[in-house]
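Novice: What follows is a structure written as structure tokens; I'll ask about it next.
The values are calculated or read from the model by the stated rules, or taken from the named source; none is laboratory data. Source: prediction; values computed, not measured. Virtual Cβ from ideal backbone geometry, glycine too; neighbours counted across all protein chains shown. Accessible surface is based on the protein model in full, side chains and every heavy atom, while ligands, DNA and RNA are left aside. Shrake-Rupley method; radii C 1.70, N 1.55, O 1.52, S 1.80 Å.
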Amino acid sequence: MKSVDNVVLRAESLTKIYRRGVEEVRALDGVTFSIEEGEFVSIVGQSGSGKTTLLNLIGCMDTPTSGTIEIDGHETSRLSDRQSTRLRSEKIGFVFQHFGLIPTLSVEENIMLPTLFARRAAKGKASELLEQVGLSHRHKHRPHELSGGEMQRVAIARALINSPALLLADEPTGNLDSTNGEAILRLFTDLNRAGLTIIVVTHNPALADAAHRQLNLQDGHLLLESQL
Amino acid sequence: MGISPTFGIGGLAWRNLTRRPFRTSLTVSGVSVAVALLASLLAFGKGYERELSRELDAMGIQMMLVPLGCPYDAAARVLKGNALDVSLPASAFVKAKQDSAVQDAAPLLMTTLPRPAEGRTDLWVGVTSEIRPLKPWWKLTEGSHWFSSDTSDSVILGAEAAETELRRVGDSFYSPETGRKFKVCGVLERSGTADDSQFFVPLKTAQSMFHQPDRLTAIAIRLKDPALTGEASTRLQTIPGAQVVTMTEMMGTFLNLVGSVRTLIQSLAALAVLISALSILTTMLSTVLERTNEIGLFRAMGASRSQVFGLLALESAFLAILGSVFGVLLAGVAGSGVERVVRSFVSLAPQGRLLALTSDVILQCCGVGLLIGIGAGVYPAWRASRLSPIEALRWEN
């Protein structure tokens, strides 16, 4: 197991309540945990347990009803839209189940897309990432010319282009067959070995087991935190 | 490996338009038609004024003496080759000729001859040789000559009239409407003016044919100096039964005549512009709806609200720019067709080309096109920028 000391993410009494008409839904209820730099953590639980809600709060895509989140020393639960946008751009990389590649852009352009929004030049970095995910030979291809596994590797490279402190992945193997799923798992493991902090929401037992820790959610509560 | 990321927000916006080529083409076509209509209208306004001015200048006529009545209507009819129901006494010509400011004066008697069998109406004009300095563009074709006498039954045909009648110099023909036989002594070269379709006969012959002895329809006048227009006008106005219309006044009258037609076309153009703005609005709203998920993805990647707004606003502006460019091209290509339609509404249109697609007309049209695009794109772009990232990501089409 990796030796870790510095906290990169701290969540305190995190609660998220949605209102559906007159009904009140507690998607998360008093969740407290912390993740240290270089950790690989999986969030597991049944559908509706609050996994994606938690990931969205960590990724500054949503704000908690109560409680606090701290990312890399920044309290993020009460940020303005402009501040949370900046934080996402600088500190967080997202990977989604449906890849989210832009069909009119080439592989390399898809990878460069976040740098466009961050107004950064990262030409060399894109080349490195393409090599790292094993798709240098496909850099001019369009997404429809790639397999599902290749598309997800491009999406991972895109999430890493701005050198984030955290990589957040929501069901990254959910749309892949077992072979491609294993390839993504290996890629995550390699990236983590290189020092990247990864938080992954998954139903895939192999991926969940590959993580150092599992956060098990049930009905919005964190059940247990078992050290692997 | 050579990576060349040359795309920016603009490049991204441009490529987004290529996702739905059919829809993009339809929207661009809508804007093009509106801009083409607008360009035609503006070009028509410019061209009409230019051609009218050119035609009036070419006439070498600074004023017309016409019978009392509506002076502008009378002058307009005379200039464009329509007959008048009222006339002037021939003595008016003598007085006009004697005025110290007058360089050249020419008497005219114009009468229409309906020819129902051929489905047209011919215009016969009685003239004297005094008309020639006032029509400097008149050129007789080879073999032609001026009337042998003031009373001969000779006719000089305009170029179109000769073609329609299938007559050449030396031919004779019988005119059942007048009961006379005419010999073609001359044919005029095409001048692009109303003269091309007219029949010219000696003044006295016309007066006799149409039972108007010693009567005139109008007197065309050129002054020794255009600066004398005011004082000459005051003096000539005193000739009994006559009134003066200057060419400057005529210009204004002509422009007023087309004013109502322009208002009609302006309304159509405004409607087309509105429809094209609505088509951009609909296209952009559909785009936002279809790409809601992607907008959420962009926000997750660190795109700010203003960047999302800019991306969508640029797409809308590109649609408008493309539409404007094609619209101006369309106006250039289809201009002659539009001109024919406009001409059919304006009976006294100048003969020359009426559509003047000048650079300022093109700039104005592109400006309006861009305004349409920006105006119609603001709401969809604003809506996209206000989407909650989390709601956008959850969106399912």
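Novice: Taking the range A:116-132 only, how many residues are open to solvent by less than 10 Å² (accessible area, probe 1.4 Å) and touching a Pro at 6+ places or on another chain (Cβ under 9 Å)?
Specialist: Applying the first criterion (open to solvent by less than 10 Å² (accessible area, probe 1.4 Å)) to the range A:116-132 yields A:126, A:129-130.
Among the residues that remain, those that are also touching a Pro at 6+ places or on another chain (Cβ under 9 Å) are: A:126.
So the count comes out to 1.
Novice: Moving to a separate point now. Based on this model, can you work out whether B:LEU41 counts as open to solvent by less than 20 Å² (accessible area, probe 1.4 Å), in a helix (DSSP H, G or I), more than 9 Å from chain A (Cβ to nearest Cβ) and of a type outside the set (Gly, Ala, Ser)? Give the steps one after another, and end with the answer.
Specialist: On the way: open to solvent by less than 20 Å² (accessible area, probe 1.4 Å): yes; in a helix (DSSP H, G or I): yes; more than 9 Å from chain A (Cβ to nearest Cβ): yes; of a type outside the set (Gly, Ala, Ser): yes.
Judged against the criteria, B:LEU41 is a match.
Novice: Only one residue in B:VAL78, B:VAL86, B:VAL35 is modelled with pLDDT of 85 or more and β-branched (Val, Ile, Thr), so which one is that?
Specialist: Selected residue: B:VAL35, the only one of B:VAL78, B:VAL86, B:VAL35 that is modelled with pLDDT of 85 or more and β-branched (Val, Ile, Thr).
Novice: Then there is this: Across the range B:231-285, what is the total count of residues that are at pLDDT below 75, under 30 Å from B:VAL33 (Cα atoms), open to solvent by less than 60 Å² (accessible area, probe 1.4 Å) and touching a helix residue (DSSP H, G or I) at 6+ places or on another chain (Cβ under 9 Å)?
Specialist: Going through the range B:231-285 one residue at a time, the tally reaches 5.
Novice: OK, next. Scan the range A:106-129 for residues that are in contact with a helix residue (DSSP H, G or I) (Cβ under 7 Å, 6 or more places away or on another chain) and at the interface with chain B (Cβ under 7 Å from one of its Cβ atoms) and jot them down.
Specialist: Correct list: A:GLU108, A:MET112, A:LEU113, A:PRO114, A:LEU116, A:PHE117, A:ALA118, A:ALA126.
Novice: Oh, and also: Name the residues in the range A:88-115 that are under 12 Å from A:ILE161 (Cα atoms) and open to solvent by 40 Å² or more (accessible area, probe 1.4 Å), would you?
Specialist: Residues satisfying the conditions are A:GLU90, A:LYS91.
Yes or no, residue by residue, for (1) under 21 Å from B:SER359 (Cα atoms); (2) aromatic (Phe, Trp, Tyr); (3) at pLDDT 90 or above:
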position	(1), (2), (3)
B:ARG299	no, no, yes
B:GLY302	no, no, yes
B:ILE321	yes, no, yes
B:ALA334	yes, no, no
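Novice: Could you list, in sequence order, all residues of the range A:34-70 that are under 16 Å from the mean Cα position of the chain (by Cα), under 15 Å from B:ILE390 (Cα atoms), part of a loop (DSSP other than H, G, I, E, B) and not acidic (Asp, Glu)?
Specialist: Correct list: A:GLY50, A:GLY59, A:CYS60, A:MET61.
Novice: While we're on this one: Answer with yes or no whether A:GLU150 is more than 9 Å from chain B (Cβ to nearest Cβ), open to solvent by 50 Å² or more (accessible area, probe 1.4 Å) and acidic (Asp, Glu).
Specialist: Spelling it out, it is not the case that A:GLU150 is more than 9 Å from chain B (Cβ to nearest Cβ), open to solvent by 50 Å² or more (accessible area, probe 1.4 Å) and acidic (Asp, Glu).
Condition check ((1) surrounded by fewer than 17 Cβ atoms within 10 Å (Cβ to Cβ); (2) in contact with a Leu (Cβ under 8 Å, 6 or more places away or on another chain); (3) at pLDDT below 90) across all residues:
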residue	(1), (2), (3)
A:ALA169	no, no, no
A:PRO205	yes, no, no
A:ALA210	no, yes, no
A:LEU223	yes, yes, yes
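Novice: Restricting the range A:92-105 to residues that are at the interface with chain B (Cβ under 9 Å from one of its Cβ atoms) and part of a strand (DSSP E or B), which is nearest to A:LEU176 (Cα to Cα)?
Specialist: Selected residue: A:PHE94.
Novice: All but one of (1) surrounded by fewer than 22 Cβ atoms within 10 Å (Cβ to Cβ); (2) in a helix (DSSP H, G or I) hold for B:ALA206, so report the exception by its number.
Specialist: In the conditions (1) surrounded by fewer than 22 Cβ atoms within 10 Å (Cβ to Cβ); (2) in a helix (DSSP H, G or I), B:ALA206 misses (1) alone.
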